[in-house]
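Input: a single structure, listed below in C-alpha coordinates.
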Amino acid sequence: MILALRRTSWNATLDKIVSLGLYIFWWNVAWFVVTDRRLITKKGIFNKTEQALPLHFVQDASFHRSWIGIADVRISTAGGNASISRMGPLRAEDARQLADTTMAQAKRVISDASSVPPSTDHVTEALARIGDLREKGVLTEDEFAQQKARLLATT
(Lines give C-alpha, C1' and ligand atoms only; values in the text may rest on other atoms or scores of the structure.)
Protein backbone atom coordinates (compact mmCIF):
# COMPACT_ATOMS: atom_id res chain seq x y z
CA MET A 1 0.00 0.00 0.00
CA ILE A 2 1.43 3.33 -1.09
CA LEU A 3 -1.31 5.70 0.12
CA ALA A 4 -4.65 5.31 1.93
CA LEU A 5 -7.07 8.19 2.55
CA ARG A 6 -10.56 8.60 3.97
CA ARG A 7 -13.03 11.21 2.93
CA THR A 8 -11.88 14.47 4.48
CA SER A 9 -12.97 18.08 4.24
CA TRP A 10 -14.42 20.77 6.45
CA ASN A 11 -17.91 19.70 5.44
CA ALA A 12 -17.19 16.17 6.76
CA THR A 13 -16.59 17.68 10.20
CA LEU A 14 -19.76 19.73 9.88
CA ASP A 15 -21.71 16.64 8.82
CA LYS A 16 -20.43 14.73 11.88
CA ILE A 17 -21.73 17.48 14.15
CA VAL A 18 -25.08 18.04 12.39
CA SER A 19 -25.86 14.30 12.18
CA LEU A 20 -25.05 13.85 15.89
CA GLY A 21 -22.24 11.48 14.98
CA LEU A 22 -24.16 9.25 12.56
CA TYR A 23 -22.06 10.55 9.67
CA ILE A 24 -19.07 8.78 11.21
CA PHE A 25 -20.40 5.42 9.98
CA TRP A 26 -20.52 6.69 6.38
CA TRP A 27 -17.14 8.43 6.78
CA ASN A 28 -15.42 5.31 8.21
CA VAL A 29 -16.35 3.06 5.31
CA ALA A 30 -15.06 5.27 2.49
CA TRP A 31 -11.44 4.66 1.54
CA PHE A 32 -9.25 5.65 -1.39
CA VAL A 33 -6.17 3.44 -1.66
CA VAL A 34 -3.21 3.48 -4.06
CA THR A 35 -1.11 0.31 -4.16
CA ASP A 36 1.84 -0.55 -6.35
CA ARG A 37 -0.53 -2.06 -8.96
CA ARG A 38 -4.04 -0.63 -8.55
CA LEU A 39 -6.24 2.18 -7.40
CA ILE A 40 -9.02 1.05 -5.05
CA THR A 41 -12.13 2.81 -3.75
CA LYS A 42 -14.38 1.38 -1.04
CA LYS A 43 -17.73 2.89 -0.06
CA GLY A 44 -21.03 2.00 1.53
CA ILE A 45 -22.57 0.90 4.78
CA PHE A 46 -25.35 -1.45 3.68
CA ASN A 47 -24.69 -1.59 -0.04
CA LYS A 48 -20.93 -1.89 -0.21
CA THR A 49 -19.06 -0.98 -3.35
CA GLU A 50 -15.41 -1.69 -4.01
CA GLN A 51 -13.76 -0.77 -7.27
CA ALA A 52 -10.23 -1.73 -8.20
CA LEU A 53 -8.64 -0.15 -11.23
CA PRO A 54 -5.31 -1.42 -12.59
CA LEU A 55 -2.91 1.52 -12.70
CA HIS A 56 -1.88 0.82 -16.29
CA PHE A 57 -5.40 1.98 -17.31
CA VAL A 58 -4.94 5.42 -15.70
CA GLN A 59 -4.32 8.14 -18.26
CA ASP A 60 -4.82 11.18 -16.03
CA ALA A 61 -5.56 12.03 -12.40
CA SER A 62 -6.73 15.62 -12.14
CA PHE A 63 -7.29 17.63 -9.00
CA HIS A 64 -10.48 19.72 -8.75
CA ARG A 65 -11.26 22.17 -5.95
CA SER A 66 -14.62 23.89 -5.62
CA TRP A 67 -15.05 27.50 -4.56
CA ILE A 68 -16.00 26.36 -1.03
CA GLY A 69 -12.73 24.46 -0.61
CA ILE A 70 -13.91 20.89 -1.10
CA ALA A 71 -11.69 18.95 -3.47
CA ASP A 72 -11.83 15.69 -5.38
CA VAL A 73 -9.70 13.72 -7.79
CA ARG A 74 -11.05 12.88 -11.23
CA ILE A 75 -9.57 9.89 -13.00
CA SER A 76 -9.46 9.49 -16.78
CA THR A 77 -8.87 5.93 -17.88
CA ALA A 78 -8.66 3.57 -20.79
CA GLY A 79 -10.90 1.22 -18.80
CA GLY A 80 -14.28 2.22 -20.21
CA ASN A 81 -17.37 1.91 -18.02
CA ALA A 82 -15.58 -0.03 -15.28
CA SER A 83 -13.41 2.94 -14.39
CA ILE A 84 -13.32 5.12 -11.29
CA SER A 85 -14.38 8.61 -12.26
CA ARG A 86 -14.37 10.68 -9.03
CA MET A 87 -12.86 10.28 -5.56
CA GLY A 88 -13.91 12.69 -2.84
CA PRO A 89 -14.78 14.79 -0.95
CA LEU A 90 -11.26 15.47 0.26
CA ARG A 91 -9.22 18.29 1.69
CA ALA A 92 -7.25 20.07 -1.03
CA GLU A 93 -3.90 18.75 0.27
CA ASP A 94 -5.20 15.16 0.38
CA ALA A 95 -6.70 15.41 -3.10
CA ARG A 96 -3.47 16.80 -4.53
CA GLN A 97 -1.47 14.03 -2.83
CA LEU A 98 -3.85 11.37 -4.14
CA ALA A 99 -3.68 12.71 -7.70
CA ASP A 100 0.13 13.00 -7.63
CA THR A 101 0.62 9.56 -6.10
CA THR A 102 -1.78 7.96 -8.57
CA MET A 103 -0.02 9.47 -11.57
CA ALA A 104 3.46 8.63 -10.24
CA GLN A 105 2.49 5.00 -9.65
CA ALA A 106 0.72 4.76 -13.02
CA LYS A 107 3.83 6.04 -14.81
CA ARG A 108 5.99 3.58 -12.87
CA VAL A 109 3.73 0.65 -13.77
CA ILE A 110 3.72 1.62 -17.45
CA SER A 111 7.50 2.06 -17.58
CA ASP A 112 8.02 -1.27 -15.78
CA ALA A 113 5.76 -3.01 -18.29
CA SER A 114 7.61 -1.52 -21.26
CA SER A 115 11.01 -2.58 -19.89
CA VAL A 116 10.04 -6.27 -19.63
CA PRO A 117 11.94 -8.20 -22.29
CA PRO A 118 9.82 -9.98 -24.86
CA SER A 119 9.17 -13.68 -24.34
CA THR A 120 11.11 -16.23 -26.35
CA ASP A 121 7.88 -17.18 -28.16
CA HIS A 122 7.56 -13.58 -29.34
CA VAL A 123 11.19 -13.52 -30.51
CA THR A 124 10.77 -16.83 -32.35
CA GLU A 125 7.67 -15.54 -34.13
CA ALA A 126 9.41 -12.28 -35.04
CA LEU A 127 12.43 -14.16 -36.39
CA ALA A 128 10.13 -16.32 -38.53
CA ARG A 129 8.37 -13.18 -39.85
CA ILE A 130 11.58 -11.42 -40.86
CA GLY A 131 12.82 -14.70 -42.39
CA ASP A 132 9.70 -14.81 -44.55
CA LEU A 133 10.21 -11.16 -45.53
CA ARG A 134 13.80 -11.96 -46.55
CA GLU A 135 12.65 -14.93 -48.66
CA LYS A 136 10.02 -12.75 -50.38
CA GLY A 137 12.68 -10.16 -51.18
CA VAL A 138 11.20 -7.42 -48.97
CA LEU A 139 14.31 -7.39 -46.74
CA THR A 140 17.88 -7.52 -48.00
CA GLU A 141 20.46 -9.76 -46.31
CA ASP A 142 21.90 -6.73 -44.47
CA GLU A 143 18.46 -5.57 -43.26
CA PHE A 144 17.65 -9.12 -42.17
CA ALA A 145 20.93 -9.34 -40.23
CA GLN A 146 20.25 -6.01 -38.51
CA GLN A 147 16.70 -6.99 -37.52
CA LYS A 148 17.86 -10.41 -36.33
CA ALA A 149 20.61 -8.85 -34.19
CA ARG A 150 18.12 -6.37 -32.72
CA LEU A 151 15.66 -9.15 -31.82
CA LEU A 152 18.31 -11.37 -30.30
CA ALA A 153 19.70 -8.46 -28.26
CA THR A 154 16.33 -7.98 -26.50
CA THR A 155 16.32 -11.49 -25.03
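The values are calculated or read from the model by the stated rules, or taken from the named source; none is laboratory data. Computed from a prediction, not measured in an experiment: that's the story for all the values here. Every residue, glycine as well, gets a Cβ built from its backbone with ideal geometry; the counts of neighbours run over all protein chains shown. Areas reflect the complete protein model, heavy atoms only, side chains present, ligands, DNA and RNA absent. Shrake-Rupley method; radii C 1.70, N 1.55, O 1.52, S 1.80 Å.
Key figures
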{"item": "Among (1) at pLDDT 85 or above; (2) open to solvent by less than 70 Å² (accessible area, probe 1.4 Å); (3) touching a Lys or Arg at 6+ places or on another chain (Cβ under 8 Å) - the single one Ala30 does not satisfy", "result": "(1)"}
{"item": "Among residues of region 73-123, those that are open to solvent by 60 Å² or more (accessible area, probe 1.4 Å), at pLDDT 85 or above and of a type in the set (S, T, N, Q), counted", "result": "1"}
{"item": "First in region 90-114 and in contact (Cβ under 8 Å) with a residue 12 or more places away in the chain and under 15 Å from Leu53 (Cβ atoms), second anywhere and part of a helix (DSSP H, G or I) and open to solvent by less than 40 Å² (accessible area, probe 1.4 Å), Cβ under 6 Å, 6 or more apart", "result": "Gln105/Leu55; Ala106/Leu55; Val109/Leu55"}
{"item": "So Arg37, is it in contact with a Lys or Arg (Cβ under 6 Å, 6 or more places away or on another chain), at pLDDT 85 or above and of a type in the set (Lys, Arg)", "result": "no"}
